[in-house]
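Encoded as structure tokens, the structure appears first; notes follow it.
A short reminder: the numbers here are calculations on the coordinates, not readings from a lab. None of the values given here were measured: they were computed from a predicted structure. With ideal geometry, Cβ positions are generated from the backbone for all residues, glycine too; neighbour counts draw on all protein chains shown.
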Amino acid sequence: MRDAIQRPDLREILRAFLNDQLEGDRCLHLGTMPGQPVYALAGTFDALNVSPQEADHEILAFHQSRYGDAIINRDIGEVTPLVDSLMAQHGLSGPETRIELGLGLLGALRDLADVQMQRVAGSLAAQTPGDGSTASAAPPQLPPPAASLDAGPVFTGRRLSELLPRFVEAQRGEEWRVHTERQNMKTYQMFMEVCDDLPVDAYTSKDHVVPFMEVLKRMPATHGKSDKDKALSLAEIIDRANATDAQRITQKTRNRHKAALGSLFDWLIHRAHERGEPNPAHGVRTGSRGGKGSKGANRKVWEGDKLRALFSGPAHTGSHAFFRSKPGPHIIKDAYYWLPLLGLYQGARLEELAQLQTEDVREVDGIWCLDINDADFKNLKNEQSRRLVPVHRKLLALGFIDHARAAAPERGGRVFPDLKPGGADKKASYDFTRKFGAYRKGIGLYERWLDFHSLRHTFISKLADESVPDTTIATIAGHEGITQTAQYAKSKKPSVATCFAAINLAEWNEMPF
């Protein structure tokens with residue numbers, strides 16, 4: 001009983017932590033030159049098409065989703081270094097205290113991101129710590145205990161049209177201005193026209209958000225700019241656009257519609273706790289596959305200073321224990337260390353690498369290989385994706401085999417257990433995809449069409465430059481043969497030894513290690 005009385009109040013610790021963060025954020029805002037982004041680094045976004053405020057909004061939306069997902073999953077792994085620091089600082093101990101503090105920190109960081117979002121929208125003065133504002137007048141609320149997540153959900157069975165006014169009222173005057181409200185309400189009206197007015201817990205990515213985005217791709221760019229549209233259904237508007245071969249709305253506009261849906265479902269999830277799955281609007285593509293405007297057609301390769309900078313970044317040379325884009329003393333050899341290296345030196349697709357199991361890293365004819373297959377929970381793009389890929393000698397020297405054995409000592413274990421599957425398809429790479437984008441922004445290397453998949457393009461381009469035969473490249477990369485010779489030779493695939501020799505031709509002078 002005495003220990004309980006002397007035990008520090010976690011709410012006071014969290015209050016102090018949040019207020020310190022808010023005060024530091026306020027100083028950051030005051031010290032930022034007008035017209036410049038507060039959180040996004042200069043050169044990490046397309047300034048011609050994206051405003052500094054929009055760039056900041058994208059980063060903060062990522063953090064809101066990141067901490068919100070962690071709270072729902074009761075996963076304090078996102079804040080382990082902070083928990084360790086505060087536990088030591090205040091003399092705390094015990095697994096229950098650790099979990100409670102971790103969940104409280106997640107809530108505080110999500111509250112911080114909420115306030116930062118308001119500040120980006122121009123509400124700095126209203127959120128200054130110590131002025132009696134909501135942010136500092138009360139300590140951050142700890143997430144409810146696990147049992148409450150299973151209690152009767154607040155919104156189950158209630159239709160979107162019934163709850164939408166409550167959501168709009170919550171955003172009005174704080175997050176939204178008049179123009180934003182008008183735009184977003186149009187999104188929700190269109191969504192209900194396409195997907196019906198259903199109970200909110202009935203909507204899914206596959207059955208509702210994806211079909212809605214497909215409808216948006218066919219909408220004309222002039223939609224909403226003519227009074228004639230008001231009397232027509234969306235199907236009639238699309239038919240008219242098809243007849244006149246009208247220009248369609250841009251991907252930027254489709255992204256805005258998807259973001260509006262995402263904020264709505266985020267609000268529903270955080271207020272009701274009735275969904276045990278990710279936001280249905282997250283992870284849905286807004287662009288089309290193929291064609292001149294597709295990623296494949298515009299994809300860049302990592303080369304020169306950009307390649308050097310990527311692997312000279314904190315994730316590979318030493319980072320802060322929690323903020324991977326900040327320099328520090330820690331080299332953490334987890335998925336965020338290994339996957340970019342595997343992408344560059346193996347040329348495999350991200351999901352192929354992220355879903356590897358311990359038995360998929362094995363010796364064949366004395367050569368260590370990645371056995372890329374679709375056994376168990378794994379998925380592949382096509383039949384040609386099933387293959388053996390020898391491990392590059394650079395990765396052997398860096399200790400990848402030791403990592404794989406240590407991370408997954410038993411059959412069925414995952415080589416990258418720190419990755420959290422997510423999205424509509426429960427992809428193993430879901431968590432990494434979001435964080436790798438945030439990491440590139442954090443180190444000033446975010447560029448459209450220059451992403452993780454670009455590492456695969458870089459690798460394949462290097463093999464082609466080294467005059468590796470098409471059949472060997474196709475075998476290593478998991479591509480269908482692209483020439484007549486390749487088609488003829490499909491039944492005589494190159495040996496593992498031949499592929500190993502070819503893979504080791506991929507070397508870059510720009511690599512810092």
### Summary
Rounded to the nearest 0.05, FRET efficiency between Q53 and Q89 (Cβ-Cβ, R0 51 Å) equals 0.90
### Message
Please compute the modelled spin-label separation between A497 and T80, points set 7 Å along Cα→Cβ, answer in nm with one decimal.
### Response
4.2
### Nitroxide proxy distance, nm - points 7 Å out along Cα→Cβ at R218 and A464
3.5
### Query
From the square roots a ≥ b ≥ c of the eigenvalues of the alpha-carbon gyration tensor of region 160-272, which class results: rounded (a/c under 1.5), prolate (a/b over b/c), or oblate?
prolate
### Message
Which of W449, W368, W302, W338 has the fewest other C-beta atoms within 10 Å, and how do the rest follow up to the most?
### Response
W449, W368, W338, W302
### Message
Test of the criteria: in region 403-476, which GluC sites (Glu not before Pro) are in a DSSP loop and have at most 13 other Cβ atoms within 10 angstrom of their Cβ?
### Response
E410, E466
### Summary
Checked region 329-375 against the a/c 1.5 cut and the a/b vs b/c comparison, axes a ≥ b ≥ c from its Cα gyration tensor; verdict prolate
#### Entry: Efficiency of FRET from Cβ geometry, A61 and D334, R₀ 30 Å, rounded to 0.05
0.75
#### Entry: Cα gyration tensor shape for region 384-427, rounded if a/c is under 1.5, else prolate or oblate
oblate
### Task
Give the order of I76, I99, I331 when sorted by the count of other beta carbons within 10 angstrom, beginning with the fewest.
I331, I99, I76
#### Entry: FRET efficiency, 1/(1 + (r/R0)^6) with R0 35 Å, evaluated for E383 and N504 via beta carbons
0.85
